[in-house]
Amino acid sequence: MNNDALVAALGMDAVAAVDGYRRAVVAEAERQGIRLVSGALSAIVRDCGQAHIIDPIDIRLGFGHCPGRPELAGRELRWDPAHGWSISHGAAGGPLAHYAEPGSAPLLLVPTAPEVVLWATEEIDGPVAPPIAIELDDDPRAVRRLLAFIRAASHWHSGEAFSPDPLAHRTRWRWTG
């Protein structure tokens, strides 16, 4: 399931769910004393000479300096609905390791936040080949787990996922012209 298919299936709930997922992983990392810094929610980035579009359905988290865990600095943790989680090596050029392997169950595309942080902070391990032939929407449990990250109990709205500052939209601007 690619980004467009996820948005087509879930609408703006997809953006809100992915943003909630990103925030849950960052919060879990903080709870464990690990510093993750969120990448741009929407951008065009260059990677090995190729341009890639990052949209709000992708998660990019970089490891900041973590006292006692210098080996984590420089790694990048990524998520998208087609491949689930992957992590880079601290040194440039190393292959990505993936949480799920080809042919895995769809639920492995959406592990819990503690599972993601544990996996990402251990020795880089995991299949080098990205998951293939796995569709997130083939397992209702995987879709429900992702949708559970929507923070419906708060006054947060799905459109806020486009802003790195979730309270920025609440600023009221007056036209003075």
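The values are calculated or read from the model by the stated rules, or taken from the named source; none is laboratory data. Computed from a predicted model, the values in this text were never measured in an experiment. Quick reminder, even Gly has a Cβ in these numbers, built from the backbone with ideal geometry, and neighbours come from all protein chains shown.
Some points to look at:
- Qualifying residue in the range 101-118 (condition: in contact (Cβ under 8 Å) with a residue 60 or more places away in the chain and of a type in the set (Gly, Ala, Ser)): yes
- Test: residue in the range 131-145 that is among the β-branched types (Val, Ile, Thr), surrounded by fewer than 17 Cβ atoms within 10 Å (Cβ to Cβ) and over 15 Å from the mean Cα position of the chain (by Cα): yes
- Any chance ALA73 is more than 18 Å from GLU30 (Cα to Cα) and either at pLDDT below 95 or buried (at least 19 other Cβ atoms within 10 Å of the Cβ) (or both): no
- Pair list, Cβ under 6 Å, 6 or more apart: the range 12-28 residue acidic (Asp, Glu), other residue buried (at least 20 other Cβ atoms within 10 Å of the Cβ) and part of a helix (DSSP H, G or I): ASP19/ALA161; GLU28/VAL117
- SER86 falls short on exactly one of the conditions (1) small (Gly, Ala, Ser); (2) surrounded by fewer than 17 Cβ atoms within 10 Å (Cβ to Cβ); (3) at pLDDT 70 or above; (4) over 18 Å from ASP138 (Cα atoms), and that condition is (2).
- Residue, nearest to the chain's Cα centre (by Cα), within the range 59-70, restricted to residues that are part of a loop (DSSP other than H, G, I, E, B) and surrounded by 13 or more Cβ atoms within 10 Å (Cβ to Cβ): GLY64
- Total residues in the range 108-133, condition more than 19 Å from ARG23 (Cα to Cα) and either out of contact with any Gly (no Cβ under 7 Å at 6 or more places or on another chain) or in a helix (DSSP H, G or I) (or both): 10
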